[in-house]
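Heads up, the thing below is written out as structure tokens.
Every read-out reported here was derived from the displayed coordinates using simple, explicitly stated rules and does not represent laboratory data. Since this is a predicted model, take the numbers as computed values, not measurements. Counting neighbours? That spans all protein chains shown, and the Cβs are built from the backbone with ideal geometry, glycine included.
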Amino acid sequence: MRYVELKRKTKETDIELSLNLDGGDISVDTGIGFFDHMLISFATHGGFGLNIKVNGDISVDDHHTVEDTGIVLGQAFEQALGDKSSIERFGSFYVPMDEALAFASLDISGRPFMVFDAEFPQEKCGDYTSAMTVEFMRALAYNAKITLHIKCLYGYNSHHIIEAIYKAVAHALKTAVKENESGVPLSTKGVL
């Protein structure tokens with residue numbers, strides 16, 4: 001079973017998280033409604049079991065809560081994948097959301113990197129700062145040790161752009177973490 005439970009406590013956030021790559025219950029409470037909606041969509045479209053409880057310093061703003069959640073979720077993916085043998089490794093996906101179209105492509109490579117190309121016409125979606133999307137995705141990519149490319153091709157509603165991004169990344173991850181029958185990492189090096 002590809003399952004992990006993690007806890008991380010700092011002066012800014014207290015996070016409890018469980019992740020099952022092969023599905024399960026979904027429960028998210030970060031104190032930021034729109035962020036909860038994005039993480040629930042992420043888990044649903046990725047086919048992941050995900051439970052997250054975050055107590056963060058949202059009286060300051062949403063930065064620490066969103067970024068730290070990305071850190072812990074990335075660590076959970078990295079741990080749940082183990083030696084990365086028998087996974088498809090690569091995933092790419094387009095998601096349309098009304099007028100917006102987002103694309104994500106990733107490689108579970110052990111080499112963290114991110115390219116992010118999206119603009120957000122509206123600064124906020126509820127209590128979520130649109131610009132935190134790049135911070136979350138960077139924290140996820142670097143802590144999961146994946147190469148992640150994200151692009152919004154077009155769109156004029158920040159809600160739709162952000163939701164399309166989260167869903168595109170989820171579907172790309174769903175493809176990449178799929179198990180195959182090879183028993184070996186998909187690499188000419190023999191290791192990821």
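Can you name the number of the only condition in (1) in contact with a Phe, Trp or Tyr (Cβ under 6 Å, 6 or more places away or on another chain); (2) on the phi > 0 side of the Ramachandran plot that SER86 fails?
Among (1) in contact with a Phe, Trp or Tyr (Cβ under 6 Å, 6 or more places away or on another chain); (2) on the phi > 0 side of the Ramachandran plot, the lone unmet condition for SER86 is (1).
Scan region 1-21 for residues that are within 26 Å of LYS84 (Cα to Cα) and surrounded by 14 or more Cβ atoms within 10 Å (Cβ to Cβ) and jot them down.
Within region 1-21, ARG2, TYR3, VAL4, LEU6, ARG8, ILE15, GLU16, LEU17, SER18, LEU19, ASN20, LEU21 meet the criteria.
Could you list, in sequence order, the residues of region 2-32 that are touching a strand residue (DSSP E or B) at 6+ places or on another chain (Cβ under 7 Å), assigned to a loop (DSSP other than H, G, I, E, B) and without any contact (Cβ under 8 Å) to a residue 60 or more places away in the chain?
GLU12, GLY23, GLY24, ASP25, THR30, GLY31
If I filter region 58-68 for residues that are outside any helix (DSSP H, G or I) and within 12 Å of LYS145 (Cα to Cα), do I get at least one hit?
Looking through region 58-68, none of the residues is outside any helix (DSSP H, G or I) and within 12 Å of LYS145 (Cα to Cα).
Here are some residues: PHE120, PHE93. Which one is in contact with a helix residue (DSSP H, G or I) (Cβ under 8 Å, 6 or more places away or on another chain), touching a residue at least 60 places away in the same chain (Cβ under 8 Å) and crowded, with 16+ Cβ neighbours inside 10 Å?
PHE93
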